[in-house]
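Remarks on the structure that follows.
The values are calculated or read from the model by the stated rules, or taken from the named source; none is laboratory data. All values derive from a computational prediction rather than experimental measurement. Glycine also receives a Cβ, built like all others from the backbone with ideal geometry; neighbour counts cover every protein chain displayed. Keep in mind that these areas ignore ligands, DNA and RNA; they rest on the heavy atoms of the full protein, side chains included. Shrake-Rupley method; radii C 1.70, N 1.55, O 1.52, S 1.80 Å.
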Amino acid sequence: MEPGHWYRLSGNRPDLQLPPTPPGTRYLTDGDPACDPALNPATSLPARLRRLTGRYAKAPWSGRGDFRSITECWNGAVLATRFGPNGAMICFGGGHNDYFGSDVHAFDLAARQWSRISDGYTSGHNNAYGAGANYPTACYPDGSPLPPHTYGYVQYDPIGNDFMLLKGQQQLGPDVVPTPIPHLFNLETKRWRRGPKHPAAALNSAGFSAWDSARRVLWGHSGDDGNSFTGFYPDGNNGDGSCGHWGPCYPSKLPHKADHNVMAYDPSRDLLLVACHQSNTLLALNPARPAEPPVVLESSSPIAISPFAALEYSAVRERFIYYSALDGSAPYSISAPPGDDWGAWTSGCWRWQPLVSPHNTLDPIADAARHSRYTNNNLSHTFGRFRVARFGGREVAILVRHVDSPVYGMLL
């Protein structure tokens, strides 16, 4: 890989002279549980005819948008560094009336293959999913969570080896019922756990989060229809079927400007950085003093900050990496001003630098759209489906776009 160039890493025609990914593991859609006869038997004559003619046979959990909603409808992903030899991208989500399946999927970076690592709740009848199916603990009978639009609410804990989802849904369908119940999927046991319900926080649509590795807390900020900035600590068994505990709940840090922003944690400076598209600004939050208001930072950004973007921290470079699908092939690094204290970092200018090579020839957003049948849904969405994987002293940006398009990589 040449630095600053995008490459197709998987699919039927990957770059870098790589062999095609084996059939059945080539694309995320290969793991659709509705296409598995053991999980979704075609019992009616119309369903049998659809399957015999190669057409899609809906499952009780398919919802309005079917399996494609995992990437097409407001959902993110995480990079799990302890799943597989070199880590894996973990995808989960559905939301509202789009998809009700609680299946979990992994793209193994070493094998360059997709697999379904959890089937989810597939034994329910039609009335077990969607409107009218209410679950007070936000879990299906098998313990898996009802899948919300995950937005930026999903992160990864490398110590616990857990995929973490900060919010829950008591009911899906056109009129969803959100609830502040977090969920954790352990990538060793392949089992879900849930946290306790927060008594006051409203973590509804369009929120964002960051994993604080120093304190082992998942910080979360609600969108505009929520009310809070708070943290969930996953450790500890509560003896009532739940784990972990919540920290204090603080009012919204960004009233009426919180929808679809993005946040990441810098462990070297102990700082949370927020990219706010409504005000086109960078803001700093101090996790050591979470009650304090955000600090607006001076920034040299050459672009407009976008909604639905991704923000990662580069441990090798000790700076942040920002990416939006609206910028096509161009991720950016964001470096802090010089200094060794909070005052220096919040008073100097944060510098942006493009990471794409001027000789790059592949735009992953346009290329994925050409590969996919699903090119009309939310093309601007990135969320956590852009992550940075580390290989020794090198880092590779990994991008998941559509359920039927390749996974892309760029050596930073």
With a 1.4 Å probe and every protein chain left in place, tell me how much accessible area K58 has, in Å² to the nearest 10. 110 Å²
Starting from 0.36 nm per residue, how many nanometres of slack lie between R215 and R390 once their C-alpha separation is accounted for? 60.8 nm
On average, how much accessible surface per residue is there in segment 270-412, in Å², for a 1.4 Å probe, leaving out ligands, DNA and RNA? 38 Å²
Counting DSSP beta bridges with both ends in segment 293-412, the antiparallel % (nearest 5): 90 percent
For segment 243-282, treating each Cα as an identical point scatterer without solvent, what Debye log10 I(q)/I(0) comes out at q = 0.28 1/Å? -1.01
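Can you tell me what the convex hull of the Cα atoms of segment 261-412 projects to on average, as an area in nm²?
9.7 nm²
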What does the C-alpha gyration tensor say about the overall shape of segment 148-280? Classify as rounded when a/c is under 1.5, otherwise prolate if a/b is larger than b/c, or oblate. oblate
Q353 and E292 label points (each 7 Å along its Cα→Cβ direction) are spaced in nm at 2.8 nm
In nm, what is the difference between 0.36 nm times the number of residues separating L16 and L49 and their Cα-Cα distance? 7.8 nm
Projected onto the charge dipole of the chain (+1 at Lys/Arg Cβ, -1 at Asp/Glu Cβ, origin at the Cα centre), which of H277, M1, S314 gives the Cα projection farthest towards the positive end? M1
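Could you work out the relative contact order of segment 133-254? I mean the mean sequence separation of Cα pairs under 8 Å and 6+ apart, divided by the number of residues, in percent.
This gives 19 percent for segment 133-254.
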Among A201, F92, L79 - extreme Cα towards positive end, dipole of the chain, charges at beta-carbon: F92
Using the crude model of +1 on Lys and Arg Cβ and -1 on Asp and Glu Cβ, and no other charge, please compute the dipole size for segment 1-158 relative to its Cα centre, in debye to 20. 500 debye
Which value, in Å² rounded to 10, gives the accessible area of R50 with a 1.4 Å probe and all protein chains present? 90 Å²
Quick one: accessible area per residue over segment 99-151, 1.4 Å probe, rounded to a whole number of Å²? 33 Å²
Say a paramagnetic label sat at a point 7 Å from the Cα of N377, along Cα to Cβ; which residues of segment 68-90 have their backbone N under 19 Å from it? 68-78, 90
How high is the relative contact order of the chain, in percent, counting Cα pairs under 8 Å that sit 6 or more residues apart? 15 percent
Out of residues 5 or more away from H105 or on other chains, whose amide H comes under 5 Å of its own, with H placed 1.01 Å from N in the peptide plane? C91, I117
How large is ³J(HN,Hα), in whole Hz, for each residue of segment 218-235 in order, when computed from phi with the Karplus curve 6.51 cos²θ - 1.76 cosθ + 1.60 and θ = phi - 60°, using x for Gly and Pro? 9, 7, x, 10, 6, x, 5, 8, x, 9, 8, 10, 8, x, 10, 9, x, 7
Charge dipole (the chain, unit charges on Cβ, about Cα centre) - positive-most of W345, A368, A42: A42
Fraction of accessible area attributable to carbon and sulfur, the chain (%, probe 1.4 Å): 51 percent
The chain, dipole about Cα centre (Lys/Arg Cβ +1, Asp/Glu Cβ -1), debye to the nearest 20: 840 debye
Cα Rg over Rh - segment 71-148, Kirkwood: 1.03
